[in-house]
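The values are calculated or read from the model by the stated rules, or taken from the named source; none is laboratory data. Nothing here was measured: the structure is a model prediction, and the numbers come from that model. Neighbour counts run over all protein chains shown; Cβ positions are idealised from the backbone, glycine included. Heavy atoms of the whole protein, side chains included, go into the accessibility calculation; ligands, DNA and RNA do not. Shrake-Rupley method; radii C 1.70, N 1.55, O 1.52, S 1.80 Å.
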Amino acid sequence: MADFEAQSQQWLWQHPKWPAFEWQDSRLQPLLRRAYDHLGQLKGRMASVAGFEEFTLDALLANIVASSAIEGEKVDVYGVRSSLARQLGIDDQNPVSVSQQSEGLANLMRDAVTSWQQPLSRETLLQWHLWLSQGSESLMQKVQPGELRGSTTMQIVSGPLHRPKVHFEAPSKSVLEHELKRFVDWFNDSATTDLDPLLRAGITHLWFVTIHPFEDGNGRITRALTDRALAQADQNSIRLFAMSEAILAHRNAYYDVLEHAQKHGIDITDWLVWFVKTLTLSVEGALAKVDRTMFKTKFWAKHADKVLLEPQRKVLNRLLDGDFEHGINATQYLRVAKVSKATATRHLSDMVEQGVLEKLPGGGRSTRYRVAD
């Protein structure tokens, strides 16, 4: 490490051992065991849950929306959902008209996770970039869709123009083709080695974002590549969790740990620790969703004979989906159900009498209600 600093080599890709990454197994093995335990639980529970296709659709949609949000980009959620459903052959109960952008984003995610058995190629990545740019005016103003970046130095900077802080600098254009080929070859070859599949996904993420081959869109394509590596990890094109959601929830830490990895040599243990922990968080989120779905199914089966109005059913479904963690009061009910305060109070009292809701401790205007056990 001292020699590395003495030579004034600042970035990870300038290290003499690049890209022969190193890591400390002793720190990673307990985290990997926990991650695999969670993944096993998720697969086991999904086997007994109806609506498997809906889970797949929701997870892929969440990945697209969150990955764009990480970069500060908003997407048409309903349009992307309709595009995904059609491309995956899933019945969409409420289809909407779709834009070129929605189609492009759906194409990218579908290809990333359903074509996982196909070898990765330079052409694949260029096609992904073309899809990512499709219909996105903000992106197309900055870049040439489907092409690698130009000769201008690629830096991530912040601060005033007269004294900018450089967070990251990518390899120069002169070595970009070589670096990209080296990455693609490794990605294909490593799929059949004894490298732990989850660590492989983490290395994929760090390596590709380090190369930074495009003028823009590198983060989103990096996360799509990570999704492909994770699909290959369990030999399944079905994704049941959305890692980009967990990354979005910890976006500042994500950028901090990536920057740290770029500046501290070839040992990437800290990055891999963060990656595996974040992946585990995303699986925990999916497990919680499965549990809510199972509870919801049992709840409606138990109360199939109850006479409930549509606004009451709507609010109950929102509660069952976990939208009101601390229960719901009359004011919140009237906003969701779009009824008067008096009607809200009457509806809530009726549901308590029918045994579908119960009052939480407290009273008066602050009385809150939750789904009855």
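So the values come out like this:
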quantity	calculated
Any pair with Cβ under 9 angstrom, 6 or more apart, that starts in the range 152-164 at a residue that is part of a loop (DSSP other than H, G, I, E, B) and ends at one that is aliphatic (A, V, I, L, M)	Thr153/Ala170; Met154/Ala170; Pro164/Val157
Extreme residue, farthest from Thr367 (Cα to Cα), among residues of the range 314-351 that are surrounded by fewer than 15 Cβ atoms within 10 Å (Cβ to Cβ) and more than 29 Å from the chain's Cα centre (by Cα)	Lys338
Selection status of Thr280, at pLDDT 95 or above and open to solvent by less than 70 Å² (accessible area, probe 1.4 Å)	yes
Residues within the range 136-178 that are modelled with pLDDT of 80 or more, small (Gly, Ala, Ser) and either open to solvent by less than 70 Å² (accessible area, probe 1.4 Å) or closer than 26 Å to Asn107 by Cβ (or both), tallied	4
Candidate set: the range 77-130, residues that are of a type in the set (Asp, Glu) and modelled with pLDDT under 90; chosen: the one surrounded by the fewest Cβ atoms within 10 Å (Cβ to Cβ)	Asp91
Residue in the range 231-242 that is in a helix (DSSP H, G or I), under 16 Å from the mean Cα position of the chain (by Cα) and surrounded by fewer than 22 Cβ atoms within 10 Å (Cβ to Cβ) present	yes
Cβ-Cβ under 6 Å pairs, at least 6 apart or on other chains, the range 11-30 side at pLDDT below 95 and part of a helix (DSSP H, G or I), far side aromatic (Phe, Trp, Tyr) and buried (at least 18 other Cβ atoms within 10 Å of the Cβ)	none
Gly135 being assigned to a loop (DSSP other than H, G, I, E, B), at positive phi and in contact with a His (Cβ under 6 Å, 6 or more places away or on another chain)	no
Boolean, Gly285 is in the same structural domain as Ile203 (by the TED database), within 26 Å of the chain's Cα centre (by Cα) and over 30 Å from Ile156 (Cα atoms)	yes
Residue match in the range 208-222 (condition: at pLDDT below 95, of a type in the set (Asp, Glu) and either under 10 Å from the mean Cα position of the chain (by Cα) or not assigned by the TED database to the domain that holds Leu287 (or both))	no
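Quick grid of which residues meet (1) in contact with a strand residue (DSSP E or B) (Cβ under 9 Å, 6 or more places away or on another chain); (2) in contact (Cβ under 8 Å) with a residue 12 or more places away in the chain; (3) closer than 19 Å to His205 by Cβ; (4) not in a helix (DSSP H, G or I):
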| site | (1), (2), (3), (4) |
| --- | --- |
| Ser48 | no, yes, no, yes |
| Glu53 | no, yes, no, no |
| Ala59 | no, yes, yes, no |
| Asn63 | no, yes, yes, no |
| Val96 | no, yes, no, yes |
| Gln101 | no, yes, no, no |
| Leu120 | no, yes, yes, yes |
| Glu123 | no, no, no, no |
| Trp131 | no, yes, no, no |
